[in-house]
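Data first, discussion second: the structure below is written as structure tokens.
The values are calculated or read from the model by the stated rules, or taken from the named source; none is laboratory data. Computed from a predicted model, the values in this text were never measured in an experiment. So basically every Cβ, Gly included, is an ideal-geometry build from the backbone, and we count neighbours across all protein chains shown. All accessible areas refer to the heavy atoms of the entire protein, side chains included, with ligands and DNA or RNA removed. Shrake-Rupley method; radii C 1.70, N 1.55, O 1.52, S 1.80 Å.
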Amino acid sequence: LLVGINGSGKTTCAGKLGYLLTQKNKKLLFAAGDTFRAAATEQLKIWSERCGGLLIEGKENQDPASVIYQACTIFNQSDFDALIIDTAGRLQAKVHLMKELEKIKKTVEKLLPNKKITTLLTIDSMLGQNSLEQARLFYESTTVDGIIVTKLDGTGKGGIVISIIQQLGIPVAYVSYGEKADQFSEFDASSYVKDLF
């Protein structure tokens, strides 16, 4: 389950994560939970085709939880190895959107009670101090299991994740840079610190 604010790279990371899993011969199901932005669904459709996965999508402005419900049902009935759920970009101050995210999480937990559910928060490496507050609010709403640091090919180095780890105890799971499918990797602390300094 990928969460984060608008423009933090969730949909791209959903695709890159899918690509990484296909390299391990995993059969994938994608869910387009961002029903408010047609471009997100189109982007995820391209990624799912690249990965040889199946995409579950809804109509524009459809309740995202209903799309997730459908995806979880199909996941239960089929032999997929992983379900990757993209969600709408949320400005953390918008209370109703954060409540919607809680609804999505509850839907997944109810329909997939025996599956490992991992929630990953995308953090834009260029945003600095604001990212700590984002992480805190998402953590309170959804329980975040890991962070994906995005846009590391830009000027930002993502040093704020040190504060996030220290204050919230959320580990960094992956790093993302560039637009290519393979520009995404599991987090390696020593190389990250070396690049940071």
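Annotations
- Residues located in segment 157-176, provided they are at pLDDT 90 or above and either in contact with a strand residue (DSSP E or B) (Cβ under 6 Å, 6 or more places away or on another chain) or small (Gly, Ala, Ser) (or both): GLY169, ILE170, PRO171, VAL172, ALA173, TYR174, VAL175, SER176
- Selection count where residues are in a helix (DSSP H, G or I) and within 21 Å of GLN70 (Cα to Cα), scope segment 18-44: 8
- Test set (1) of a type outside the set (Lys, Arg); (2) over 23 Å from VAL172 (Cβ atoms); (3) part of a strand (DSSP E or B) - ILE84 fails condition number: (2)
- Filtered by the rule that a residue be over 16 Å from GLY15 (Cα atoms), in contact with a Gly (Cβ under 9 Å, 6 or more places away or on another chain) and of a type in the set (D, E, K, R), segment 29-85 gives a lone residue, ARG37.
- For segment 132-144, the criterion of being closer than 19 Å to ALA71 by Cβ, at pLDDT 90 or above and either among the aliphatic types (A, V, I, L, M) or part of a loop (DSSP other than H, G, I, E, B) (or both) is satisfied by no residue at all.
- In segment 107-124, residue least open to solvent (accessible area, probe 1.4 Å) [restricted to those that are in a loop (DSSP other than H, G, I, E, B) and under 17 Å from LEU17 (Cβ atoms)]: THR119
- Odd one out for GLY158 among (1) out of contact with any Gly (no Cβ under 7 Å at 6 or more places or on another chain); (2) in a loop (DSSP other than H, G, I, E, B); (3) within 30 Å of ASP81 (Cα to Cα); (4) open to solvent by less than 20 Å² (accessible area, probe 1.4 Å): (3)
- Top-ranked residue in segment 1-59 [being more than 12 Å from the chain's Cα centre (by Cα) and basic (Lys, Arg); ranked as nearest to TYR139 (Cα to Cα)]: ARG37
- Within segment 125-141, restricting attention to residues that are open to solvent by less than 50 Å² (accessible area, probe 1.4 Å) and without any contact (Cβ under 8 Å) to a residue 40 or more places away in the chain, the residue that is farthest from LEU2 (Cα to Cα) is GLY128.
- Criterion: of a type outside the set (S, T, N, Q), modelled with pLDDT of 95 or more and out of contact with any helix residue (DSSP H, G or I) (no Cβ under 9 Å at 6 or more places or on another chain) - qualifying residue of ILE85, ILE74: ILE74
- From the options LEU101, LEU91, LEU54, residue that is closer than 24 Å to LYS16 by Cα, buried (at least 20 other Cβ atoms within 10 Å of the Cβ) and either aliphatic (A, V, I, L, M) or at pLDDT below 90 (or both): LEU101
- Taking segment 5-33 as the range and being without any contact (Cβ under 8 Å) to a residue 60 or more places away in the chain and open to solvent by 10 Å² or more (accessible area, probe 1.4 Å) as the test, the residues that pass are THR22, GLN23, LYS24, ASN25, LYS26, LYS27.
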